[in-house]
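First comes the structure, then the notes that go with it.
A short reminder: the numbers here are calculations on the coordinates, not readings from a lab. It should be emphasised that the depicted structure is a prediction, and the values quoted were computed from it without experimental measurement. We place every Cβ from the backbone using ideal geometry, glycine too, and count neighbours over all the protein chains shown.
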Amino acid sequence: MSAIERSGNLNRRQWLKGAGVVVSASLTPISLLHAAMPVGSSKIIPQPDHIIRANFNENPYGLSRVALRAIQNTFNKAGHYDWGPRLKVIDVMTQLHDLPPDQIILGSGSGEILKVAGLMAGMKQGSVVCADPTYDDLIRFAEKNGAEIIKVPVRQDLGIDLERMKKAIRKDTKIVYIVNPNNPIPSIIAKRELESFVKDVSKRCLVFVDEAYFEFVDDPVYGSMIDLVRAGQKNLIVTRTASKIHGMAGLRVGFGFGHADLLKELDKIKTGQMNILGLAGAAASYTDTEFQQFTLRKTRESKMIMEEMIAELGLRSTKSHANFVFFDTGHTVEEINKRLKEKGILSGRPFPPYLTWSRVSLQKPEEMRYFVQTYKQLFG
């Protein structure tokens, strides 16, 4: 075990103690945790003294103690440009993904890389093919810069329809954009299926795969397209972010992986500047696997609480492979959000055409128990 790993383990235990989390409880099987406090419990949960942010897909635990310490140790360098921390975080990524530095690009969040790709499509006066609904940073930026957006509705099972997307590609199509897991629908595409799609479609245009929620997937059929990048696949960009499982949404650190020539083309039109504190925090956080595992355990616990409520109320939903759930409330999202907000809960905006479906970000288990209690009182 390296010095960094030993430091990460020590700091994680300190963080658990300092945050008032009982270590033994965090290691308890989720089934036992639910037995201790079932969704249908008659115990009244008081409204928290803070707003529950169940609308932004953030990590409710924030940054790991290891990342916070790295940021603290970088404060005295805040007057410097980001060159040193930039090299350090790239080095972490090269080791983590077994890729050379020229196949990695940094962004002010993965959102910057998404927008730059959208800008590139607009500059080339081409079209963009995407699923509908899906995360729309790339789409909005492409459309505002002159690209035509070709939206392909998801299937009846709410999965992304790769066959229809392939048929929607035109001669002027510059990018086929796929979010896997998708957002707001937390569905996934199996690795073999997506690899076959990428190899075929990349002969005609760029395939852009956004893997912002990659770390939350535990389905064995799923896999990253970074494996194709490593194998030399051209016309493919894969993005990841430190905003989700690493809890760094406010520090804006994202990554793109692709062929070196393609990344050079993107880099020419990038305009963002990296944050030296965010880079230092990201370099440390990606080595802190204990914090990531802690987040995954707590996310699964919160997901089970929501899934039990959805099943109990007989609501239509889809299996979640991310840190949020998506279910049909039978009411307009505007009504749902208005009434939840009165109870101190923020929930996801409407995602047309699923105007009665609510996207709820998974917060801490105790907050999700309050959400369930409130939702059942209002709409159960």
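Helical runs assigned H by DSSP (4 residues or longer) give the chain a calculated mean residue ellipticity at 222 nm of -13000 deg cm²/dmol, each run adding -39500 (n - 2.57) before division by the residue total. In this structure, the amide hydrogen of I149, modeled 1.01 Å from its nitrogen in the peptide plane, lies closer than 5 angstrom to those of V128, counting only residues at least 5 positions away or on a different chain. Can you tell me how the chain classifies by the Cα gyration tensor, rounded, prolate or oblate, using a/c under 1.5 as the rounded cut? Oblate. In terms of other Cβ atoms within 10 Å, T241, T356 run from fewest to most in the order T356, T241. Counting every other Cβ atom within 10 Å of each residue's Cβ, S202, S285, S187 order from fewest to most as S202, S187, S285. Spin-label model, K268 to D227: label points 7 Å out along the Cα-to-beta-carbon direction sit 3.3 nm apart.
Note on R155 and Q72: the model spin-label points, each 7 Å out from Cα along the C-beta direction, lie 5.0 nm apart. Rounded, prolate or oblate, given the Cα gyration tensor of region 311-380, with a/c below 1.5 counting as rounded? Rounded is the answer for region 311-380, as its axis ratio a/c remains below 1.5.
With K and R counted +1 and D and E -1, the other residues having a Cβ less than 15 Å from that of I276 yield a net charge of +3. Partners of K338 within straight-line reach, counting lysines whose Cα lies under 24 Å from its Cα and excluding those fewer than 8 residues away in the same chain: K303, K364, K376.
A DSSP coil position with no more than 15 other Cβ atoms inside 10 Å describes none of the chymotrypsin sites (Phe, Trp or Tyr not before Pro) in region 299-359.
Multiplying the residue separation of D49 and R300 by 0.36 nm and subtracting their alpha-carbon distance yields 87.9 nm. With a cut-off of 10 Å between beta carbons, the residues surrounding L114 carry a summed charge of -2, where Lys and Arg count +1 and Asp and Glu -1.
Could you compute the net charge surrounding M165? Neighbours are other residues with a C-beta less than 13 Å from the C-beta of M165; K and R count +1, D and E count -1. Provide the component values of the computation, followed by the final result.
Values: positive: K151, R155, R164, K166, K167, R170, R204; negative: D132, D161, E163, E193, D200.
Its environment carries a net charge of +2.
May I ask you to derive the FRET efficiency for E335 and E163 from their Cβ-Cβ distance with R0 = 41 Å, giving the value to the nearest 0.05? Between E335 and E163 the formula returns 0.70.
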